[in-house]
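This report concerns only the one structure given below.
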Amino acid sequence: MVRGRLPRVHRSWLELYCRMRCEGHLSCSSIVYRMTVTLSTLVSSRSYHSHRPALPSLPFFPGCDTGFGKAAVRRLDAQGFEVFATVLDLCGEGARELQKTCSSRLTLLQVDITQPEQVQQALLDTKAKLGLRGLWGLVNNAGVCVNFGDAELSLMSNYRGCMEVNFFGTLNVTKTFLPLLRQAKGRIVTISSPAGEQPFPCLAAYGASKAALNLFINTLRHEMEPWGVKVSTILPSSYKTGQSGNQEYWESQYKSLIHNLSAGLLEEYGEDYTHETKELFQHFAQSANEDLSPVINTISEALLSPRPLVRYYAGPGVGLMYFVYSYFPLRLSDKFLQRLFVQKKIIPRALRKENNNNNNNINSNNNVEKIKK
């Protein structure tokens, strides 16, 4: 972004905000409705022109067992791409489904991106099939959210687990395949998250890993420009992918948290507090959007457009969320984010006790005053 100049979408929203304020119609419902209409008009009015690279289209796509990865590989295969897709288990359900539904152009590789030797083997396998050709695209899709809960309650293993996959794993894959991407003057497309830039409650471990990823990708974007490699980041809204809709997954995460918390922390926060957090996350995940097409369309656009964007906001509400976060006072943007995400009703047990003691003291003081009178 050029300093002093807002993106076109943000400028339109800012003009709308100022006009509404002057007209005296600045209610929460009206601003959300009008901004949503404005965003829809801007997006629908934009024309995209596909651009197939001169070299054969050969994206490398980690993390395709489920969700965005699996759906995007199907789309790219149907468009005639020769795709290298990685899965955690070649015998797993996701891999078998891709083998059944995709053409012979698809190459499936079993890769755990946290294991450097497996990433190196994937590079050798890819080079063997490419021959002298470069690699047109790398789609960094593999990611995981291995925790939920307040930053203080999140286990160190959760922080490390998120960093290993979301940051270090993606970092290693990107560095490993960069020479092939530079050779083809190709594309790097990374699926990140708004949680890496905005303080979503109870997502500190996941958000921190995505924040590290975002900074790396933005730095890489500057450094790859002279090489002709275009770098884009996709920021999706909430979608039902991976384990998010699996009730057993949330139960196992909750049990692991309770089992590993210190007795002191569990006493101060209360088991009812952590249980509510689990229930809220589970409800949020189950109500997430099942239609992945906005993200899949964006991946295709980022790979094929002659002028791909640096950032894509994929899905309903993401652009509005960034507008509020960027231009509203922190007090208002924090409240907006809290109402948008997990709306907790239970406060930690220690604070409840403190509030009860304060109320008792107030009542006692009131009674004393009444007696004196």
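A few notes on this one:
- Here the Karplus curve 6.51 cos²θ - 1.76 cosθ + 1.60, taken at θ = phi - 60°, turns the phi angles of the range 221-236 into couplings of 4, 5, 6, 8, 4, x, 7, x, 8, 9, 10, 10, 10, 10, 10, x Hz, with x standing for Gly and Pro.
- Simple point charges give the picture: +1 on the Cβ of Lys and Arg, -1 on the Cβ of Asp and Glu, and for the range 74-159 a dipole about the Cα centre of about 600 debye.
- Amide H to amide H, with H built 1.01 Å from N, residue 86 comes under 5 Å of 61, 63, 64, 109, counting only residues 5 or more places away or on other chains.
- Solvent exposure, largest accessible area first (probe 1.4 Å, DNA, RNA and ligands not counted), of 136, 227: 227, 136
- Residue 118-residue 307 FRET efficiency (beta carbon distance; Förster radius 25 Å; 0.05 resolution): 0.10
- For the set 210/344; 100/175; 129/230; 175/278, the pairs lying more than 28 angstrom apart at their alpha carbons are 100/175; 175/278.
- Overall, the range 181-320 carries a charge dipole of about 1120 debye about its Cα centre when +1 sits on the Cβ of Lys and Arg and -1 on the Cβ of Asp and Glu, all other atoms neutral.
- Working note: Karplus 6.51/-1.76/1.60 with θ = phi - 60° gives the range 64-73 the couplings 10, 5, 8, x, 4, x, 5, 5, 5, 4 Hz, where Gly and Pro are set to x.
- Residues of the range 147-163 with amide N under 20 Å of the 7 Å Cα→Cβ point at residue 288: 147-151, 154-155, 158-163
- Built amide H within the under 5 Å cut-off of residue 188, gap 5+: 138, 230, 231, 232
- Each peptide in 259-265, 205-211, 295-301 was scored by the mean count of other Cβ atoms within 10 Å over its residues; highest first, the order is 205-211, 295-301, 259-265.
- Take each peptide in 348-356, 319-327, count the other Cβ atoms within 10 Å of every residue, and average; sorted highest first, the result is 319-327, 348-356.
- Estimated FRET transfer efficiency when R0 is 41 angstrom, pair residue 225-residue 276 (beta carbons, to 0.05): 0.30
- For the range 281-302 versus the range 113-191, the gap between their alpha-carbon centres in whole angstrom: 21
- With a cut-off of 13 Å between beta carbons, the residues surrounding residue 185 carry a summed charge of +3, where Lys and Arg count +1 and Asp and Glu -1.
- Were the residues from residue 240 through residue 75 laid out at 0.36 nm apart, the gain over their Cα-Cα distance would be 57.6 nm.
- Förster radius 45 Å - calculated FRET efficiency between residue 355 and residue 256, Cβ distance, rounded to 0.05: 0.90
The values are calculated or read from the model by the stated rules, or taken from the named source; none is laboratory data. Keep in mind that this is a model prediction, so the values were computed, not measured. Neighbour counts run over all protein chains shown; Cβ positions are idealised from the backbone, glycine included. Side chains are part of the model used for accessible areas, which takes the heavy atoms of the whole protein and leaves out ligands, DNA and RNA. Shrake-Rupley method; radii C 1.70, N 1.55, O 1.52, S 1.80 Å.
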